[in-house]
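The values are calculated or read from the model by the stated rules, or taken from the named source; none is laboratory data. These figures come from a predicted structure and were not determined experimentally. Glycine also receives a Cβ, built like all others from the backbone with ideal geometry; neighbour counts cover every protein chain displayed.
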Number of protein chains: 2
Amino acid sequence: MSTTTTPVPTTDTTALQDLAAQLRVDSIRASTSAGSGHPTSSLSAADLLAVLMSRHLRYDWEEPDNPANDHLIFSKGHASPLIYSVFKAAGQVGEEELMTGYRRFGSRLQGHPTPVLPWVDVATGSLGQGLPDGVGIALAGKYLDKLPYRVWVLCGDSELAEGSIWEAVDKASHYQLDNVVAIVDVNRLGQRGPTELGWDLDAYARRFKAFGARVITIDGHDLAQIDAAMADAENGDGRPTVILARTVKGKGVPQIEDSPDWHGKPLPEEIAGPAIATLGGVRNDVVSGPGPRELPATPQQNATAVELPRYEIGQEMATRKAYGAALTAVGRADPKVVALDAEVSNSTGTGDFVKALPERYFEMYIAEQQLIGAATGLSVRGYKPFASTFAAFLTRAFDFVRMGAISQAALRIAGSHAGVEIGADGPSQMALEDLAMMRAVEGSTVLYPSDATSTADLVARMAATDGISYLRTTRGGYPVLYGSDESFPIGGSKVLRSGDQVTIVGAGVTVHQALAAAERLAGQGIEATVIDAYSVKPLDAATIAGAVRATGGRLVVAEDHHAQGGLGEAVLSGLAGAGIAGLDVAHLAVRGIPGSGTGAELLHWAGIDADGIVAAARRLIG
Amino acid sequence: MSTTTTPVPTTDTTALQDLAAQLRVDSIRASTSAGSGHPTSSLSAADLLAVLMSRHLRYDWEEPDNPANDHLIFSKGHASPLIYSVFKAAGQVGEEELMTGYRRFGSRLQGHPTPVLPWVDVATGSLGQGLPDGVGIALAGKYLDKLPYRVWVLCGDSELAEGSIWEAVDKASHYQLDNVVAIVDVNRLGQRGPTELGWDLDAYARRFKAFGARVITIDGHDLAQIDAAMADAENGDGRPTVILARTVKGKGVPQIEDSPDWHGKPLPEEIAGPAIATLGGVRNDVVSGPGPRELPATPQQNATAVELPRYEIGQEMATRKAYGAALTAVGRADPKVVALDAEVSNSTGTGDFVKALPERYFEMYIAEQQLIGAATGLSVRGYKPFASTFAAFLTRAFDFVRMGAISQAALRIAGSHAGVEIGADGPSQMALEDLAMMRAVEGSTVLYPSDATSTADLVARMAATDGISYLRTTRGGYPVLYGSDESFPIGGSKVLRSGDQVTIVGAGVTVHQALAAAERLAGQGIEATVIDAYSVKPLDAATIAGAVRATGGRLVVAEDHHAQGGLGEAVLSGLAGAGIAGLDVAHLAVRGIPGSGTGAELLHWAGIDADGIVAAARRLIG
């Protein structure tokens, strides 16, 4: 491992020029050979990357997991020809891989970079996400790792129209993240024409400054200016640094420079060939940049056994509060657990963690995209982020969750105030689409506990779960159903009552309604099986199928969610292969736009309370 | 209808003070009577609203649909006690409704305002959305209606942390919307404590100015300053106006003023009673504010019959391109049709409309939240917005779509580049969750055509469809399957081939794979029914159920989407009540994270191409 402490090589301009030319040539060659890709968006940033990788990126290419490494995020992920050319110049990607792999099936050199490559922290390609993710990595560096690494984020100018960029600058400034350097490649051209602000670097500078950043404006093709700006960026003064680089799209290939007609188009051979020749032809130089800074000795903190809160059966407790208590317990046991919230920690339960472990809590204020972006960045550094807000408002961050899955990030997300159960606040605050959203995320785990005991156990399991995991919690207090020694494996379910006439499946709040319904049905001589499907994904399809078979194919599913993509459809999917003769399903869900009312009134209005379940069960029995 | 042209009444400060006191008293009373709500967030803005409604809001309360009316949007929707108190002071909501309806079941005075009230344009309560919506109303006023109405948006300070606010200010400035006035109630306290910037009005001012707004900073409890600022706001200079009002949360009830402990809490009787007395007790004054400006005579433009493009069977055409052509045809026929895109109109097909009807196109650049917010605002004014971007990036706007449904907005949304079919660009650009997202939206219509003819017909139907409608289009070109006289009713499907051994259901790109599979199966002596489920929601469950029954219960569903919440689960839901004996389903969907490749390679990798369908059909037949 290199432990050089000052930038070293490639001080001579010729070498930097040669490297920039090589990056340009390789960007052109890779995309032309693939027949697609974004050479022009790569050419504009080639000089920036040549200087960065040679002189300022403190990185050990042989050891991408070195904690002291700087981080390089291509927020403008479509410039993948450039980043892959950088990896080639770093000696990590070979000529053949670049020329025959780029954008091809089975290759790790995908159209936009993803962490299937060891030097890529997060997947990019949905614009405006690299900087929010970078803020998370920088929070880890400054407040948790306490390591002097820098986070360099290459942004496009088009993506500055995304509000998430401003959420990120605001948080970088609020948290004094002078370890973040955003380099904006202002080539003035978007996909379909000029950007809003073109080359008005002053306008961009005013915005970044107003949001608390330090701004350095340069000619993005002047190697000396680039070098000076990047050196200056290392002088942290408590503010994030933004290098605004005026650049030319297609720079280096005069006939396409600054043209709006060449976005996302590979150069045809007749342009590529002469352009490559003019740029000096193919080079295969390998650059030795400055290695990482010295890694301070940091004591390893190990996790200890979790002591979860214990609850008495029958005790009333909201699952959102049980979430907060469990998160605090998990956080006490595992120093890698961190928490974030979007300014509603006193409602989501996370407030407990804030009080107990404030040094591992990050307030994201009302900025849900940044909430998930920061969690993604923290997960890059091996932390276990739990991010919470009202479940309804997680819809704000869907694109970040989706990209988090592609980034192979381990994100624990908790959404409170699910469903019509919340009552008086009305439909804007009611999550009725969150199960559909979270189930559709690749590789996700979706949990929806009905009581405090199961919540506690599931929170502990989330801490050990890879990928995107989601916990849905309820506003109101409901009785504890399970003894504290009960365990709740992911993919499991609980049979709370057994009967032979109808199976009732619920999750969360509808488990309590199902139990009440079963009690009333028993009074009418009808015996029902009640299943708590606390693990919505993966679903315990085998247990449910067995119960439905044993109750003559009769099944009531009740969920506090719209009818699409939630528990009901999860159950139907789970039973699709089970070949249950005479399957007859009543799917009770929220149909229509709710208003205000008490939780009980609204559960009744939606037909998902005990009354609705009893009526549905009786209809099935006929 | 009032056509007064200058602000009239309530010039005397006593009357304004009395009105402000009445609004405070009613805000306290309504929330205390309901036992929940946000009185303190109402009290901070009461003076602002007293002056606005008395002196500057040009509005005919008796005729909320008057096109000349100003628009009032409560972006801080949790301050609903205040807006309902305003409606009472306007003579529209009675004492009894306010005191017994607020937040109660069945009442139109919900916890957050929604358009079940005739004076409410859009539902608010998910913060950061009122201003983006207001931008859409202002775009209509300035560029389409050409009416001098103003759009007044009351924002909270906490919600300025949402990136969507900055997307909105950026667009308001880009489009020179000097008919927008944002009034920011800077009471320095959010839900769980101080905001990031507290009372640093200078910091806010720098941000708004940098984004192109004109800023007026005032004491939000000084009636004269408020009046002067609002009068000044009417002097448009091509920039949107932002009134930054320094206020005190809980203002008017000294014992809770500026306290972080009273967010979202109704005052108990022992505080409410004396406070109301101190404020002068209950008043029932009705205020006559300035009426709307004179309505210029505008020629009514009527829609004519649409002439849709016609395609030859077998002709290759991408549905995204057919979308653009159809949208242009629909736009030519109906002057209410407008289009918006997030800077990818050359990819989504919308570029055709941009060229043909530039005066009805609004470029939103890469700001998907603002894209849907603007569409929502345009729909408030009776326009028929079609908003397009890559389907993957619509996830960015999920919260806006969800709120659009609660707003009862008619939004037509087109998402291109669906699924792994897009090929080389890789997973960040592949929509694999969009059907789940859009199906879960209340009252939505979800369409996924397989060819150019059906795309054209469905686009014309979307123009006549209420609620949220979504069209999913495909990147690659595929043969036209239908003659131009074929019609595609919403809720319908097409049986493209009939057999008796297995039913294959596809939509979009998998229809072509299903047809190829059926052809190959026929060569192996297996006759398949192939159904094009172009209407994913509502689904033609009856036709599918009939086909499945006629093929011995054997069903293959293939979709270019993750397995959750999409076509497969829609079909399972549709069949759940059909009681099909021996139902045996193979659900082919995208499982795992794709990489790059050709469309064909990736359809094969996912197992949703003809090979995968043939194999699944043969497994079912056994």
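Could you tell me whether B:TYR470 is touching a strand residue (DSSP E or B) at 6+ places or on another chain (Cβ under 9 Å), surrounded by 15 or more Cβ atoms within 10 Å (Cβ to Cβ) and assigned to a strand (DSSP E or B)? Working first, answer last.
Details: touching a strand residue (DSSP E or B) at 6+ places or on another chain (Cβ under 9 Å): yes; surrounded by 15 or more Cβ atoms within 10 Å (Cβ to Cβ): yes; assigned to a strand (DSSP E or B): yes.
So B:TYR470 passes the test.
With respect to (1) within 14 Å of another protein chain (Cβ to nearest Cβ); (2) within 26 Å of B:VAL585 (Cβ to Cβ); (3) without any contact (Cβ under 8 Å) to a residue 60 or more places away in the chain; (4) assigned to a helix (DSSP H, G or I), the lone exception for A:LEU620 is condition (3). Every condition in (1) surrounded by 24 or more Cβ atoms within 10 Å (Cβ to Cβ); (2) over 13 Å from the mean Cα position of the chain (by Cα) is met by A:ASP352 except one, and the failing one is (1).
Output the residue which, of all residues in the stretch A:133-189 that are charged (D, E, K, R) and at positive phi, is farthest from the chain's Cα centre (by Cα). Selected residue: A:ARG188. Looking at the stretch B:91-178, the helices (runs of 4 or more DSSP H) lying wholly inside it that each contain 3 or more residues that are in contact with a Phe, Trp or Tyr (Cβ under 7 Å, 6 or more places away or on another chain), within 13 Å of chain A (Cβ to nearest Cβ) and farther than 23 Å from B:VAL51 by Cβ sit at B:163-174.
Filtering the stretch B:193-233 down to residues that are assigned to a loop (DSSP other than H, G, I, E, B) and in contact with a strand residue (DSSP E or B) (Cβ under 8 Å, 6 or more places away or on another chain), which residue is surrounded by the fewest Cβ atoms within 10 Å (Cβ to Cβ)? Walk me through it before giving the result.
We begin by selecting, within the stretch B:193-233, every residue assigned to a loop (DSSP other than H, G, I, E, B); these are B:193, B:195-200, B:211-213, B:220-222.
Of the ones still in play, those that are also in contact with a strand residue (DSSP E or B) (Cβ under 8 Å, 6 or more places away or on another chain) are B:195, B:199, B:213, B:220.
On the way: B:THR195: 23, B:TRP199: 17, B:ALA213: 23, B:GLY220: 27.
Among them, the one singled out is B:TRP199.
Looking at A:GLY553, A:GLY525, A:GLY499, just one residue is on the phi > 0 side of the Ramachandran plot and away from chain B (no Cβ under 12 Å), and that residue is A:GLY525. For the stretch A:407-435, the tally of residues that are small (Gly, Ala, Ser), touching a strand residue (DSSP E or B) at 6+ places or on another chain (Cβ under 7 Å) and over 20 Å from A:GLY373 (Cα atoms) stands at 3. Looking only at residues of the stretch B:179-202 that are out of contact with any Ser or Thr (no Cβ under 6 Å at 6 or more places or on another chain) and more than 27 Å from A:SER347 (Cβ to Cβ), we find that the one that is nearest to the other protein chains (Cβ to nearest Cβ) is B:ASP202.
Kindly provide the set of residues from the stretch B:570-587 that are in contact (Cβ under 8 Å) with a residue 40 or more places away in the chain and farther than 19 Å from B:THR473 by Cβ, ordered by number. Even if it seems obvious, please write down each step before you answer.
To start, the set of residues in the stretch B:570-587 that are in contact (Cβ under 8 Å) with a residue 40 or more places away in the chain comprises B:570-571.
Selection gives B:VAL571 alone.
It is to be established whether one or more residues within the stretch B:253-274 are touching a helix residue (DSSP H, G or I) at 6+ places or on another chain (Cβ under 6 Å), within 14 Å of chain A (Cβ to nearest Cβ), farther than 15 Å from B:VAL181 by Cβ and free of Cβ contacts under 8 Å to residues at least 12 places away in the same chain. No, the stretch B:253-274 contains no residue that is touching a helix residue (DSSP H, G or I) at 6+ places or on another chain (Cβ under 6 Å), within 14 Å of chain A (Cβ to nearest Cβ), farther than 15 Å from B:VAL181 by Cβ and free of Cβ contacts under 8 Å to residues at least 12 places away in the same chain. Of all the numbered requirements in (1) surrounded by fewer than 24 Cβ atoms within 10 Å (Cβ to Cβ); (2) touching a helix residue (DSSP H, G or I) at 6+ places or on another chain (Cβ under 8 Å), B:LYS142 misses one, and that requirement is (2). The residue of the stretch B:83-127 that is nearest to the chain's Cα centre (by Cα), among those that are crowded, with 18+ Cβ neighbours inside 10 Å and at positive phi, is B:GLY125. Does the stretch A:392-405 contain any residue that is out of contact with any helix residue (DSSP H, G or I) (no Cβ under 8 Å at 6 or more places or on another chain) and modelled with pLDDT of 95 or more? Yes, the stretch A:392-405 contains at least one residue that is out of contact with any helix residue (DSSP H, G or I) (no Cβ under 8 Å at 6 or more places or on another chain) and modelled with pLDDT of 95 or more.
Quick one: would you say B:HIS562 is out of contact with any Gly (no Cβ under 6 Å at 6 or more places or on another chain), within 14 Å of chain A (Cβ to nearest Cβ), crowded, with 19+ Cβ neighbours inside 10 Å and closer than 27 Å to A:VAL571 by Cβ?
Numbers: out of contact with any Gly (no Cβ under 6 Å at 6 or more places or on another chain): yes; within 14 Å of chain A (Cβ to nearest Cβ): yes; crowded, with 19+ Cβ neighbours inside 10 Å: yes; closer than 27 Å to A:VAL571 by Cβ: yes.
The answer is yes for B:HIS562.
In the stretch A:287-316, the residues that are free of Cβ contacts under 8 Å to residues at least 40 places away in the same chain reach residues that are assigned to a strand (DSSP E or B) with C-beta atoms within less than 9 angstrom, at least six apart or across chains, in these pairs: A:ALA303/A:VAL337.
Here A:LEU82 passes the criteria (1) assigned to a helix (DSSP H, G or I); (2) touching a Gly at 6+ places or on another chain (Cβ under 7 Å); (3) aliphatic (A, V, I, L, M) except the one numbered (2). Figure legend. Inter-residue proximity from the stretch B:11-35: first residues modelled with pLDDT of 95 or more, second residues assigned to a helix (DSSP H, G or I) and of a type in the set (D, E, K, R), beta-carbon distance below 6 Å, spacing 6+ or different chains. Indicated pairs: B:ALA20/B:ASP47; B:ASP26/B:LYS88. The set of residues in the stretch A:538-568 being closer than 26 Å to A:GLY599 by Cα and in contact (Cβ under 8 Å) with a residue 60 or more places away in the chain consists of A:LEU555, A:VAL556, A:GLU559, A:ASP560, A:HIS561, A:HIS562, A:GLN564, A:GLY565, A:GLY566, A:LEU567. Please work out if A:TYR482 is within 14 Å of another protein chain (Cβ to nearest Cβ), hydroxyl-bearing (Ser, Thr, Tyr) and outside any helix (DSSP H, G or I). Against the criterion (within 14 Å of another protein chain (Cβ to nearest Cβ), hydroxyl-bearing (Ser, Thr, Tyr) and outside any helix (DSSP H, G or I)), A:TYR482 does not qualify.
Of the residues examined, A:THR503 is not one that is of a type in the set (Ser, Thr, Tyr), buried (at least 18 other Cβ atoms within 10 Å of the Cβ) and not assigned by TED's automatic domain parsing to the domain that holds A:ALA578.
Can you pull out every residue in the stretch A:275-285 that is assigned to a helix (DSSP H, G or I) and surrounded by 19 or more Cβ atoms within 10 Å (Cβ to Cβ)?
Our first condition is that a residue be assigned to a helix (DSSP H, G or I); within the stretch A:275-285, this holds for A:275-278.
Across the stretch A:275-285, the qualifying residues are A:ALA275, A:ILE276.
For the stretch A:585-621, enumerate the residues that are among the β-branched types (Val, Ile, Thr) and surrounded by fewer than 18 Cβ atoms within 10 Å (Cβ to Cβ).
Result: A:THR598, A:ILE621.
From the set of residues in the stretch A:569-584 that are within 7 Å of chain B (Cβ to nearest Cβ) and surrounded by 19 or more Cβ atoms within 10 Å (Cβ to Cβ), which is nearest to A:ILE422 (Cα to Cα)? Result: A:GLU569.
Quick grid of which residues meet (1) modelled with pLDDT of 95 or more; (2) at negative phi; (3) not in a helix (DSSP H, G or I):
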| site | (1), (2), (3) |
| --- | --- |
| B:VAL511 | yes, yes, no |
| B:ALA518 | yes, yes, no |
| B:ALA545 | yes, yes, no |
| B:GLU559 | yes, yes, yes |
| B:GLY568 | yes, yes, no |
| B:VAL571 | yes, yes, no |
| B:GLY579 | no, no, yes |
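Can you pull out the residues in the stretch A:585-603 that are facing chain B (nearest Cβ under 9 Å) and in a helix (DSSP H, G or I)? Those that are facing chain B (nearest Cβ under 9 Å) and in a helix (DSSP H, G or I): A:GLU601, A:LEU602. For the stretch B:238-254, the condition holds for at least one residue, the condition being that it is farther than 19 Å from B:GLY77 by Cα, of a type in the set (A, V, I, L, M, F, W, C), at pLDDT 95 or above and in the same structural domain as B:SER80 (by TED's automatic domain parsing).
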